[in-house]
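Here the structure is laid out as structure tokens; the discussion comes afterwards.
The values are calculated or read from the model by the stated rules, or taken from the named source; none is laboratory data. None of these values were measured; they are calculated from a predicted model. Here the Cβ is made from the backbone with ideal geometry for all residues, glycine too, and neighbour counts use every protein chain on show.
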Ligand code: KG4
Ligand code: ZN
């Protein structure tokens with residue numbers, strides 16, 4: 001089954017074709033992140049306008065890269081939320097129109113379910129349930145115990161900021177460019193993470209607001225980031241990153257005790273690109289003798305349509321009524 005995926009939940013416009021939920025035939029991502037660097041964040045109105053311009057060329061390229069015509073596609077999967085409303089409308093209306101014209105099923109996909117499916121793409125072997133999946137992005141931070149694609153228990157979630165948001169806000173305080181996560185991680189590589197003990201929240205859920213405040217006061221006491229030497233700045237970044245990573249991984253360690261049948265450990269979402277986090281997860285996976293799966297390329301960590309096509313496939317496989325369900329409910333609410 002070949003699915004055309006469409007993802008436009010934030011600043012990116014992405015389309016992809018995925019076969020049987022796992023084999024990526026094409027994945028095109030047009031991001032407008034660079035345009036927002038000077039203002040330090042996405043302007044929703046601007047993002048939606050760019051998406052309106054790039055949506056059709058991106059879909060055309062995804063089809064031609066896969067060597068397929070629209071009538072050779074079996075279904076269309078699209079992110080219905082959460083995300084920026086204008087951006088989501090561009091994707092959902094395009095998908096709906098294409099589905100009506102081509103008479104192919106339309107599969108609505110929750111963005112986070114997309115990230116959960118990103119560890120299925122192009123893997124050498126098929127993942128085995130049950131697994132613990134950490135999903136970490138700029139909008140959410142969740143640890144789930146997954147028995148199947150649709151059966152799962154939410155083990156932990158954030159009480160305030162998302163892990164990616166903590167990276168972004170920390171980066172902003174250190175005077176780094178947007179998007180802050182990769183910039184802070186790159187700076188941290190040159191630093192000493194034992195330089196400062198930032199607080200690591202303990203508890204069954206995640207929380208990053210105390211850590212953020214702690215960095216704010218630390219920088220205030222040192223007369224701002226400009227007053228730090230280059231080495232000190234890198235070490236503050238490394239210490240801050242350590243506090244985020246250890247909070248995530250300590251909860252995962254605990255979850256292994258709570259869910260002893262766990263066979264694999266997965267991580268997805270933008271923050272899964274972080275090498276410090278990956279190193280820690282790899283150590284935990286070794287200790288518990290389970291397989292660690294990360295998205296196969298960095299493009300599958302951050303927002304992309306391949307993961308949406310994959311999620312659409314698994315949803316359809318486990319519940320063929322999915323096409324009718326969500327759209328009918330939405331239509332009823334609107335009426
Ligand atoms: O999944 P994603 O592309 O978009 C959302 O759904 O939010 O994740 C973006 C987030 C941003 O907060 C970004 O700073 C963070 O992922 N991120 C990273 C790294 N690469 C991206 N955070 C830490 N280290 C990285 N290498
Ligand atoms: Zn995302």
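Before moving on, here are some points about what is shown:
- Failed criterion for residue 54 (all others in (1) at pLDDT below 95; (2) in contact with a strand residue (DSSP E or B) (Cβ under 7 Å, 6 or more places away or on another chain) hold): (1)
- When the criteria are applied in full, residue 162 fails the requirement of being under 28 Å from residue 31 (Cβ atoms) and without any contact (Cβ under 8 Å) to a residue 24 or more places away in the chain.
- Qualifying position, being away from ligand 2 (no atom under 16 Å from the Cβ), in contact (Cβ under 8 Å) with a residue 40 or more places away in the chain and within 28 Å of residue 154 (Cβ to Cβ), among 4, 106, 63: 106
- Only one of the listed residues (47, 66, 77) is more than 23 Å from the chain's Cα centre (by Cα) and surrounded by 20 or more Cβ atoms within 10 Å (Cβ to Cβ). That residue is 66.
- For region 248-262, filtering for residues that are closer than 30 Å to residue 9 by Cβ and touching a residue at least 60 places away in the same chain (Cβ under 8 Å) leaves 6.
- Out of 162, 185, sole residue that is within 16 Å of ligand 2 (Cβ to nearest atom) and under 28 Å from residue 43 (Cα atoms): 162
- Among residues of region 152-166, those that are outside any strand (DSSP E or B) and surrounded by 19 or more Cβ atoms within 10 Å (Cβ to Cβ), counted: 6
- Test: residue in region 10-28 that is surrounded by fewer than 16 Cβ atoms within 10 Å (Cβ to Cβ), within 16 Å of ligand 2 (Cβ to nearest atom) and closer than 21 Å to residue 99 by Cβ: no
- Within region 29-41, the set of residues being within 14 Å of ligand 2 (Cβ to nearest atom), touching a residue at least 40 places away in the same chain (Cβ under 8 Å) and buried (at least 16 other Cβ atoms within 10 Å of the Cβ) comprises just one member, 29.
- Among the residues making up region 140-151, a single one is modelled with pLDDT under 95 and surrounded by 19 or more Cβ atoms within 10 Å (Cβ to Cβ): 149.
- Residues of region 183-206 satisfying the condition of being surrounded by 18 or more Cβ atoms within 10 Å (Cβ to Cβ) and under 21 Å from the mean Cα position of the chain (by Cα): 183, 184, 185, 206
- Taken as a whole, the structure places residue 24 among residues that are touching a residue at least 60 places away in the same chain (Cβ under 8 Å) and farther than 27 Å from residue 157 by Cβ.
- Of all residues making up region 130-140, the number that are within 16 Å of ligand 2 (Cβ to nearest atom), under 20 Å from residue 257 (Cα atoms) and touching a helix residue (DSSP H, G or I) at 6+ places or on another chain (Cβ under 6 Å): 2
- Any chance residue 103 is on the phi > 0 side of the Ramachandran plot and either within 16 Å of ligand 1 (Cβ to nearest atom) or surrounded by fewer than 20 Cβ atoms within 10 Å (Cβ to Cβ) (or both): yes
- Odd one out for residue 108, checked against (1) under 23 Å from residue 33 (Cα atoms); (2) touching a helix residue (DSSP H, G or I) at 6+ places or on another chain (Cβ under 7 Å); (3) at pLDDT below 95: (1)
- Residues of region 111-149 that are within 16 Å of ligand 1 (Cβ to nearest atom) and in a loop (DSSP other than H, G, I, E, B): 121, 137, 138, 139, 140.
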